[in-house]
Structure formats: structure tokens, C-alpha cells
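First up is the structure itself, then whatever we jot down about it.
The values are calculated or read from the model by the stated rules, or taken from the named source; none is laboratory data. Predicted model, so just to flag it, every value in this text is computed and none were measured. As a convention, Cβ positions derive from the backbone with ideal geometry for all residues, glycine included, and neighbour counts pool all protein chains shown. What goes into the accessible areas is simple: the full protein's heavy atoms, side chains included, and nothing from ligands, DNA or RNA. Shrake-Rupley method; radii C 1.70, N 1.55, O 1.52, S 1.80 Å.
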Amino acid sequence: MYLCNTFMKQVRPKKNLGQHFLTDLTIAKRIADTVDACPDLPILEVGPGMGVLTQYLAPKNRPLKVVEIDKESVAYLNENFPQLSDNIVGEDFLRMDLNRLFDGHEFVLTGNYPYDISSQIFFKMLDNRDLIPCCTGMIQREVALRMASQPGNKAYGILSVLIQAWYDVEYLFTVDENVFNPPPKVKSAVIRMTRNHTTHLDCDEKLFKRVVKTVFNQRRKMLRVSLKQIFGSLPSDAPFFQHEMMTRRPEQLSIDEFVQLTNLVEQEMLCANTNQLT
């Protein structure tokens, strides 16, 4: 999502970019202030639009860069925020090398993220987690609930596990539709993610992602059913499928249990490969 001030008419909201302009400046300041939980670090704002969030970030006396793909918004920002002229980056955040932004130093990521690419933004955050100890901003409420959800909850899913493996997620507050122009069809929410103390998972991290995505793609199935996608030729009565965890569904597993499951899968893969060689 994007924020807007009284000059909203100067930039046209573009449906293909998911632009909905926030008209409540009190909420804008509240969003900007979420970065205060991670003081002293530089700030990168994604999708500043016309800079209503930017105007509350700039006075924090911290290095600030903004990334905006919309050329019309970039022109507006350059005209109205001349003090940021060298720090207005007219590029696609998803395609950027984040190491070059602050000379490889850590920074806080914030913004009002477009609904249709918010998950991609957070997957990029995960890929660059050593650079981003803190991430805040506004997203679709449904996505925020998934990110913050705990095991046993219907909202608990792929985003919950992959993000919470590396970040502590806080659901801060809900934003109603009626403070936007045009109003979105869903509510929004403001979240904050802070890096936890995990430096590495006790499993193959690439396989961890594959396992999480595989079982949640059939979230109503027991693990012994959904994991057959990985072990297509393994018979249902194989010892692997008799493990006590296999009668559970993915939303019932904690992150530590997903790590355990990943190790079980890897062990079975190694056994299968060994059997093929012999």
C-alpha cells in the first residue's frame, strides 16, 4: 500500500502497482515510528509513493533511502524532497542488490507494501536476513495474520514457518479500509519483524523450504500423504511413514518440529540413494 497527502492528485494511483493512498496522517506517523524499535540503523523505505511516510522518517536523523518503481512518483519525490535527491532510487526493489545500498551495512526495511508482491518482498528479506535485522510496514491484514500466526491456528502456513524461523513477528495494529483513496476491498495491518537469535537451522535449509512448501500445499492431509510427493516410489508401509509425526498435519508442527521433519526426510533420501547404488 502507499500513503498520500493533500497533493494526492499530483500522482495517479495505478491499479497495476497496487496503489491505494492513505489519507490519515496519524496512521502515517504511527507506521514511521515503528522503526524506532531498531534505533541508529539506516532506513530503506520501499514504495514511498508521494512520501507521506517519508516525511516522518526523514526527521529521525538516520541515513534514509527510498526505492520507488513508479516514475511519476519518483518525479514527485525529487521535486518535493530535494534533500533526498541522491537517495531516491528509481528501481524495482525485487531486482536490486541490497548489499550496495548502504555499503553492505545493516538497515531497517520499512514501507507500505503492495499487496500483490508483499510475500515476494519478505522472501527477499529472508534471502538478505544478515542485512536486515528489522522490518516493519503495512500489508494486507490476512497476510499479516499468517506471518504472526502460531501452530494450531488456521492462518499458520508457509509464511509463518519460513519467516518465524528467522524473525520474531509482532502484529501491531489494524488499519481500516475507509482511510484509503481508493479504499481497498480488505483491511490492512502494520507489523514488525525483528531478527531472532537463530544463526543457522539444524538441518539442510534448502530442503527445509521444500518440505514446508510441500506439506502446506496439502495442508489438510496428514504428513504421510503429502510427503509422498517427495518419495513417490516409497511404499506406504515403509518405516519412514510409520514415524509418529506422520499422522499429524502441517499446521500442528512447530518450527523445531519442521527442522526435525526435514532431517527425517534427508535421512530417508540418503537411504534411498544408498539402496539404489547397491
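Post the alpha-carbon centroid distance, region 229-276 to region 35-59, in whole angstrom.
One Cα centre to the other: 44 Å.
Using helices alone, what [θ] at 222 nm do you get for the chain, with -39,500 (n - 2.57) per DSSP H run of 4 or more residues, divided over all residues and rounded to the nearest 500?
When only DSSP H runs of four or more count, the value is -9000 deg cm²/dmol.
Can you tell me the accessible area per residue over the chain, all protein chains present, probe 1.4 angstrom, in square angstrom?
Accessible area per residue, the chain: 49 Å².
Of the accessible area of the chain, with the probe set at 1.4 angstrom, what percent is carbon plus sulfur?
48
Mind jotting down a quarter of the surface of the convex hull over the alpha carbons of region 123-278, in square nanometres, one decimal?
Approximately 11.0 nm², given one-decimal rounding.
Measure nothing but the geometry: give the 0 to 90° angle between the long axis through the Cα atoms of 205-216 and the longest principal axis through the Cα atoms of the chain, rounded to 10°.
Roughly 90 degrees between the two axes.
Using heavy-atom solvent-accessible surface (probe 1.4 Å) with all chains present, what is the largest-first order of Lys124, Lys154?
Descending accessible area places them as Lys154, Lys124.
Largest first and in whole Å, what are the equivalent-ellipsoid semi-axes of the chain based on the Cα gyration tensor, each being the root of 5 times an eigenvalue?
Equivalent-ellipsoid dimensions as semi-axes: 41, 19, 16 Å.
Label points 7 Å out from Cα along the Cβ direction at Asp33 and Arg210: separation in nm?
Placing both labels 7 Å beyond Cα along the Cβ direction yields 4.7 nm.
log₁₀ I(q)/I(0) of region 17-91 at q = 0.14 Å⁻¹, via Debye over equal Cα point scatterers, no solvent, to two decimals?
-0.41
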